[in-house]
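Comments concern the structure below.
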Amino acid sequence: MTKLIVAGCILLLAACGGGDSPAAQGQTSAGQASLARATGNEGKSAGVSAAKGAGRALTQRGRELVSPDDATMVFLYYDLAGITPPIESWVELDRRLMAAPAADKAALRTTIRQELAVGAASVADVGLIRLSLGSAKLSDYDPTYGEFTVRALSPSSMISYTAFRQQVELRFANGREAQTWQVPAAEAQLISDRIGPFTASVQLEVLLRLTGVQPGMSGGTLMVNVLEYELQHPSDGTTLGRVRVLTE
């Protein structure tokens with residue numbers, strides 16, 4: 001009899017609240033899932049906002065570099081990537097220091113360090129780059145599409161800069177649009193006649209807007225949009241055409 005009473009009490013306790021009901025468990029799981037989704041969406045929103053913020057920051061940079069050298073482009077990469085340049089390491093790589101007598105090294109280190117600091121500071125607020133390219137890599141005219149192709153600006157093209165044992169690449173984010181030079185057939189014939197056999201030597205002046213940076217090992221990549229460019233005759237530098245690229 002005692003065993004039956006105890007068993008009955010155990011059953012009664014279980015029924016009254018020994019564990020959550022299936023409905024309560026379902027509500028808890030649903031709440032956890034909603035919280036996880038909300039947290040995930042917040043993370044995605046933060047990432048998108050950060051990317052947009054970085055893009056806006058680049059468009060607000062107003063200074064322009066004209067035909068920058070390799071060292072300047074490496075400084076620019078470090079500035080845009082937010083990485084502190086290893087000035088002390090670069091000082092030791094300077095050939096002047098390597099060749100200098102031991103007695104002169106201390107003073108020379110100071111000089112080189114100052115030069116590098118000035119170089120690093122010179123790229124502050126740079127957002128535009130103007131380049132002169134020796135070859136636009138201009139294609140023959142395609143009458144089917146009514147266009148020339150400026151292959152030097154294609155998405156697969158790049159310009160490489162090397163300094164301080166670092167390599168920085170410049171790539172065209174809107175290269176697909178920028179490479180197309182649309183010209184009416186009659187005008188294209190006049191252009192082709194002016195160029196003659198020197199199509200591959202047509203020169204290019206291009207204005208670029210920095211849009212992003214991709215860090216890598218021993219350097220990285222600067223992404224740019226082509227804003228406008230001018231094609232020039234290889235022998236006399238006269239203008240063959242000017243193109244303004246529409247970028248969203």
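Quick note: the coordinates plus some simple rules give every number you see, no bench work behind them. Bear in mind the structure is a predicted one, so any value in this text is a computation, not a measurement. For neighbour counting, all protein chains shown are included, and Cβ atoms are generated from backbone atoms with ideal geometry for every residue, glycine included.
Structure above, values below:
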| quantity | calculated |
| --- | --- |
| Phe75, Phe164 arranged by Cβ crowding within 10 Å, fewest neighbours leading | Phe164, Phe75 |
| At 1.306 mPa s and 10 °C, Stokes diffusion of segment 117-177 via Kirkwood alpha-carbon radius, µm² per second | 111 µm²/s |
| Cα-based equivalent ellipsoid, segment 111-248: semi-axes from gyration tensor eigenvalues, Å | 33, 16, 13 |
| Exposure proxy ranking, count of Cβ atoms within 10 Å, fewest first, for Glu187, Glu230 | Glu187, Glu230 |
| Extension reserve of the Asp236-Ser156 stretch, reckoned as 0.36 nm per residue once the Cα distance is removed | 25.9 nm |
| Antiparallel %, DSSP beta bridges [both residues in segment 50-201], to 5 | 75 percent |
| Cα-centred dipole magnitude for segment 136-221, charges only on beta-carbon of K, R (+1) and D, E (-1), debye, nearest 20 | 440 debye |
| Ranked list, fewest to most other Cβ atoms within 10 Å of each Cβ, for Val150, Val243 | Val243, Val150 |
| C-alpha center-to-center spacing [segment 69-113, segment 196-246] in angstrom | 30 Å |
| Förster radius 51 Å - calculated FRET efficiency between Ser122 and Asp193 (Cβ-Cβ, nearest 0.05) | 0.70 |
